Amino acid sequence: MSVWSLKPIDILLVEDNPGDVRLTMEALKEAKVQNRLNVAWDGVEAMAYLRQEAPYTGVSRPDLILLDLNLPKKDGREVLAEIKQDSSLRRIPVVILTTSEADEDILRSYDLHANCYIAKPVDLEQFMKVVKSVEDFWLTIVKLPPDDQ
């Protein structure tokens, strides 16, 4: 087992719905991989967190971002575009986790270099399965880039 696999995975969840935040936390609490989940409640807060601006100076750079598209202040599309245009952030995998199933949102997200697009199920049990499958794939199968790159 490598040292990399022993390191907790830092996840930034960018989500404004408290219920979805709670469900995501519950699903990840049972995760096979040790993780630290941080939450940004809107797009402006997400970018301040990622750029380590006050009050987020000194926070860990996330290994994975779970991003809702429909956010207050700055929507997820704008956040995704800023992340992928920033050379210090663009390698962080971004999983779009949103209620939108609109073709234009899916196409635009991939055009902006999202790593994955998942429509949130409305059913509680299915939502938990989706979060667990994200965890299984992104945190146990995929090799994530090192923090310092």
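The values are calculated or read from the model by the stated rules, or taken from the named source; none is laboratory data. Just so it is clear, the model here is predicted, and its values are computed rather than measured. Cβ coordinates were reconstructed from backbone atoms using ideal geometry, including for glycine residues, and neighbour counts include every protein chain displayed.
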Checklist outcome for this item: The number of residues in segment 47-84 that are touching a residue at least 24 places away in the same chain (Cβ under 8 Å) and β-branched (Val, Ile, Thr) is 3
Item to check | Some residue of segment 32-46 being without any contact (Cβ under 8 Å) to a residue 40 or more places away in the chain and within 17 Å of PRO146 (Cα to Cα) | outcome: yes
Next on the checklist: I need the full set of residues from segment 67-91 which are in contact with an Asp or Glu (Cβ under 7 Å, 6 or more places away or on another chain) and among the aliphatic types (A, V, I, L, M), in order please.
Outcome noted: LEU69, LEU71
Checklist entry - So, of the residues in segment 85-106 that are of a type in the set (A, V, I, L, M, F, W, C) and in contact (Cβ under 8 Å) with a residue 24 or more places away in the chain, which turns out to be surrounded by the fewest Cβ atoms within 10 Å (Cβ to Cβ)? => result LEU89
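Let's see how each residue does on (1) of a type outside the set (S, T, N, Q); (2) closer than 24 Å to ARG61 by Cα:
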residue: LYS84; (1), (2): yes, yes
residue: LEU97; (1), (2): yes, yes
residue: SER100; (1), (2): no, no
residue: ILE106; (1), (2): yes, no
residue: ASN115; (1), (2): no, yes
residue: ILE118; (1), (2): yes, yes
residue: PRO121; (1), (2): yes, no
residue: MET128; (1), (2): yes, no
Checklist entry - Pick from segment 1-27 the residues that are assigned to a helix (DSSP H, G or I) and of a type outside the set (A, V, I, L, M, F, W, C): which of them is modelled with the highest pLDDT? => result PRO18
Item to check | TYR56 of a type in the set (Phe, Trp, Tyr) and crowded, with 20+ Cβ neighbours inside 10 Å | outcome: no
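When you scan segment 128-145, do you find a residue that is charged (D, E, K, R) and loosely packed, with under 13 Cβ neighbours inside 10 Å, even just one?
The first filter runs over segment 128-145 and keeps only residues charged (D, E, K, R), leaving 129, 132, 135-136, 143.
After this cut, where a residue has to be loosely packed, with under 13 Cβ neighbours inside 10 Å as well, the list is 143.
There is at least one residue in segment 128-145 that is charged (D, E, K, R) and loosely packed, with under 13 Cβ neighbours inside 10 Å.
Name every residue in segment 107-149 that is among the hydrophobic types (A, V, I, L, M, F, W, C), over 21 Å from THR24 (Cβ atoms) and without any contact (Cβ under 8 Å) to a residue 12 or more places away in the chain, in order of residue number. It would help to see each step written out before you state the result.
Going residue by residue through segment 107-149, those that are among the hydrophobic types (A, V, I, L, M, F, W, C) are 107, 112, 114, 116, 118-119, 122, 124, 127-128, 130-131, 134, 137-139, 141-142, 144.
Narrowing further to those that are over 21 Å from THR24 (Cβ atoms): 107, 112.
Passing the criteria: only LEU107.
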Item to check | Residue list for segment 85-133, restricted to those being of a type in the set (Gly, Ala, Ser) and within 28 Å of LYS143 (Cβ to Cβ) | outcome: SER87, SER88, SER109, ALA114, ALA119, SER133
Checklist entry - Any residue in segment 65-84 that is touching a Phe, Trp or Tyr at 6+ places or on another chain (Cβ under 8 Å), surrounded by 15 or more Cβ atoms within 10 Å (Cβ to Cβ), among the small types (Gly, Ala, Ser) and at pLDDT 90 or above? => result no
